[in-house]
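The structure appears below as structure tokens.
The values are calculated or read from the model by the stated rules, or taken from the named source; none is laboratory data. Just so we're clear, the structure is a prediction, and the values are computed from it rather than from any experiment. Neighbour counts run over all protein chains shown; Cβ positions are idealised from the backbone, glycine included.
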Amino acid sequence: MSLKASNCVKSILTHELTAMGPLPTILDPDGVYPYQSYCETSQRPSVKQYNFIKLENNYLEVWICQDLGGKVYSLIHKESEKEVLYVPGVIRPSRILPRFSFVAGGIEVSFPISHTPSQNEKVCYEITRKEERIYVCVGETELRYGMQWTVEFSLGEHDEFLTQRTVFFNPTNKPHPWMSWSNAAVPAFEDSEFHFPNGPVLLHSDELKTIDWESKGPKTNSDINNMSGYFWQNPDVNAFGCYSPYLGIGLYHVAERKQVPGIKLWSYGTGRDKEWSYLSSLNNQSYLEIQAGPIADQSIKHQLEPGQTHTHLEYWFPSNIRMDIRKITVPKLGLRPLSEVTMFPFARIDDVEVWYELMKSYELHDASIIPDPTQIELGCWAPGGLYKLDKPFVWVIEKCSSNNKSLWQLYYGVWLASGDKISQAISLLHNSTLDLSKAILARIYFYEEKYEEAKKCYEAMIDEAFQLHPQIVVDRDKLLEQFGAETFNERITWLDNLDALDDEMIIERRIALLIDMEEFDEARKLLLNFNFQKIHQRYERKKLWKALCLKTNTQVEPYPKNLGEDNLAQFGAYREFVE
């Protein structure tokens, strides 16, 4: 039998990430609690090993990476011996919300937000053979809300396509918002052909507008000048795909429209934005994305009620010839019952071990087995998905040793704040003696526009090294800015302490201070001479440039290229986890 699955290990060049800092991501518009966010991608890669499942029959070879969020890393069309997907040969995260760590390539499924927070981390997996079909399931319980997701990829003995079944389940006692898209990246060339349905399409580029695809839509990648997303509003068929004459290979997708109405094409085009598509590569190979989802576009969210399950089916067809999307039909398969699809627990033991130990000690009311609280520098915050932590936290603060009390108060306060229990969080954090508790309190007060209280929190800090961390200095400067000219000298002092650092967010705050002090020439010089890393869907540097231009009565557009921010109109919700 040619149908088989096996475990494999591959070495891949990997650019490491620099964590944003010690502060948790509560009340962070660029974060998703309890996950860490990142501020830099290293310039030089290291060699790192990744675990894969290789699933194959006589027609296809599929490489699924459980260490990269369960994505399909590679899809080989055996007859032509050609790779179908964009496989850059390097893990090189580029800057995009919610964690600033998007890695292009393969086929990935997002849940419960666009760019799944764990897309570059290890998830659970399971391989099952039943009759003449092999199922590979990947998934986890996500940390923020505790919802479960599983993506089941399967091949039959004679399948010339990859079947993908996606299952979401809410085991918690509260409803939670969600969205999901399946995103396949393929190599992009000027002659890459778009085979998509006719009908009205929402175009998302530097503006939002609706076009008619048949008369106004691009036919090949060379017809697109700048980064653009296209969302089909009423397609006349529900199959679509992309074919590359240069490579002699293409990829097509089909699903039942009632289950998967969302259809999207994304391209950086062949003009001014093409270099953005190189960020994840070693050799400046461009890519584009064909996407599908159970929701019409990426600005819309659905709600998963307690105990509710959602599922949908999709099919991916690699082809070495052009396919007629009007002749692609949904396969009729006898898949195993949905009840046999595994829903997984939390995937990474380090994220949850101490919290499970805490709950166990509470359940047994045994103070002798209370775990030591995890160290701050590990950035392991209590998951919102463990929604039964309230009573264990109260109990451990009463029973623990005095040495650990402040740490438990810190973790409990942050966990409460992540669940919008702000007043209770403030009380807990005030009782903690740690400098980090004071910095978090300052962020909460800033969020509530209680600037004097926030300022007092910073002034109460005593650890000099902690106060000089760039993340703290940036937050502090944003607060001091609210006081106007009276805090100019204080802002100068803190920023000058980090004068030798080429930290992007420190540079942004320097520019903001120079604008506030009306030192416009110096602000312009610093803004134009610093080469910022490219980042999607964050526009702080453009705001600074616009403010500078308005103050000096100069032309705002075009924005300087070195700012590294895209030209997309703001659309879609990358920040669903803002508290």
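Among the criteria (1) over 13 Å from Pro187 (Cα atoms); (2) not in a strand (DSSP E or B), the one Ala292 does not fulfil is (2).
Scanning the range 500-540 for residues that are in contact with a helix residue (DSSP H, G or I) (Cβ under 7 Å, 6 or more places away or on another chain), over 22 Å from Ala485 (Cα atoms) and part of a loop (DSSP other than H, G, I, E, B) yields Leu501, Asp503, Phe530, Asn531, Phe532, Gln533, Lys534.
Please tell me if Glu108 is over 30 Å from Arg443 (Cα atoms) and surrounded by fewer than 23 Cβ atoms within 10 Å (Cβ to Cβ). No: the conditions fail for Glu108. Pairing each residue of the range 456-474 that is β-branched (Val, Ile, Thr) with any residue that is assigned to a loop (DSSP other than H, G, I, E, B), provided the two are 6+ apart or on different chains, yields C-beta distances under 8 Å for Ile472/Gly21; Ile472/Pro22; Ile472/Leu23; Val473/Asn497; Val473/Leu498. Reported count of residues in the range 5-20, each being of a type in the set (Val, Ile, Thr) and more than 25 Å from Leu75 (Cα to Cα), is 1. Listed by first and then second residue, the pairs linking a residue in the range 64-83 that is modelled with pLDDT of 95 or more to a residue that is part of a loop (DSSP other than H, G, I, E, B) and among the small types (Gly, Ala, Ser), with Cβ atoms under 6 Å apart and 6 or more places separating them unless they lie on different chains, are Gly69/Ser118; Lys71/Gly106; Val72/Gly106; Tyr73/Gly106.
Take Leu247 and decide whether it is under 30 Å from Asn170 (Cβ atoms) and modelled with pLDDT of 95 or more. Criteria not met by Leu247.
Residues are listed down the side, and each one gets a yes or a no for (1) closer than 18 Å to Gly146 by Cβ; (2) buried (at least 21 other Cβ atoms within 10 Å of the Cβ); (3) without any contact (Cβ under 8 Å) to a residue 60 or more places away in the chain:
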residue: Asn284; (1), (2), (3): no, no, yes
residue: Ile295; (1), (2), (3): no, no, no
residue: Ile300; (1), (2), (3): no, no, no
residue: Glu314; (1), (2), (3): no, yes, no
residue: Asn320; (1), (2), (3): no, no, no
residue: Arg326; (1), (2), (3): no, no, no
residue: Val330; (1), (2), (3): no, no, no
residue: Pro345; (1), (2), (3): yes, no, no
residue: Gln375; (1), (2), (3): no, no, yes
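Would you check if Glu357 is among the acidic types (Asp, Glu), out of contact with any Lys or Arg (no Cβ under 7 Å at 6 or more places or on another chain), within 26 Å of Cys137 (Cα to Cα) and modelled with pLDDT of 95 or more? Criteria not met by Glu357. On the basis of being free of Cβ contacts under 8 Å to residues at least 60 places away in the same chain and at negative phi, does Pro29 make the cut? The answer is no for Pro29. Taking first residues from the range 486-507 that are over 18 Å from Glu464 (Cα atoms) and partners that are among the polar types (S, T, N, Q) and assigned to a helix (DSSP H, G or I), no Cβ contact under 6 Å between residues at least 6 apart in sequence or on separate chains turns up. Is it true that Glu40 is surrounded by fewer than 21 Cβ atoms within 10 Å (Cβ to Cβ), in contact (Cβ under 8 Å) with a residue 60 or more places away in the chain and either in contact with a Gly (Cβ under 6 Å, 6 or more places away or on another chain) or over 20 Å from Lys122 (Cα atoms) (or both)? Taking the combined requirement at face value, the residue satisfies it.
When the range 288-301 is filtered for residues that are more than 18 Å from Glu152 (Cβ to Cβ) and modelled with pLDDT of 95 or more, the ones remaining, listed by number, are Leu288, Glu289, Ile290, Gln291. The single condition from (1) more than 30 Å from Leu407 (Cα to Cα); (2) of a type in the set (Gly, Ala, Ser); (3) surrounded by 21 or more Cβ atoms within 10 Å (Cβ to Cβ) that Ser2 fails is (3). Of all residues in the range 467-499, those being assigned to a loop (DSSP other than H, G, I, E, B) and modelled with pLDDT of 95 or more number 4. For the range 148-250, the strands (runs of 3 or more DSSP E) that sit wholly inside it and include 1 or more residues that are of a type in the set (Asp, Glu) and either outside the structural domain of Gly293 (by TED's automatic domain parsing) or surrounded by 21 or more Cβ atoms within 10 Å (Cβ to Cβ) (or both) are 148-156. For the range 1-99, the strands (runs of 3 or more DSSP E) that sit wholly inside it and include 3 or more residues that are of a type in the set (S, T, N, Q) are 4-14, 46-56. Scanning the range 361-376 for residues that are more than 19 Å from Tyr411 (Cα to Cα) and either part of a loop (DSSP other than H, G, I, E, B) or of a type in the set (S, T, N, Q) (or both) yields His365, Asp366, Ser368. Filtered by the rule that a residue be in contact with a Ser or Thr (Cβ under 8 Å, 6 or more places away or on another chain) and buried (at least 22 other Cβ atoms within 10 Å of the Cβ), the range 64-86 gives Gly69, Leu85.
Among the residues of the range 1-24, how many are without any contact (Cβ under 8 Å) to a residue 40 or more places away in the chain and within 17 Å of Glu121 (Cβ to Cβ)?
Final tally of qualifying residues: 2.
Name, by its number, the condition in (1) part of a strand (DSSP E or B); (2) at pLDDT below 95 that does not hold for Ile113. That leaves (1) as the condition not met.
Here the range 18-37 is the region considered, the condition is being surrounded by fewer than 19 Cβ atoms within 10 Å (Cβ to Cβ) and within 19 Å of His536 (Cβ to Cβ), and the residue that is nearest to the chain's Cα centre (by Cα) is Pro29. Out of Ile127, Ile134, one residue alone is surrounded by fewer than 19 Cβ atoms within 10 Å (Cβ to Cβ), at pLDDT 95 or above and in a strand (DSSP E or B). It is Ile127.
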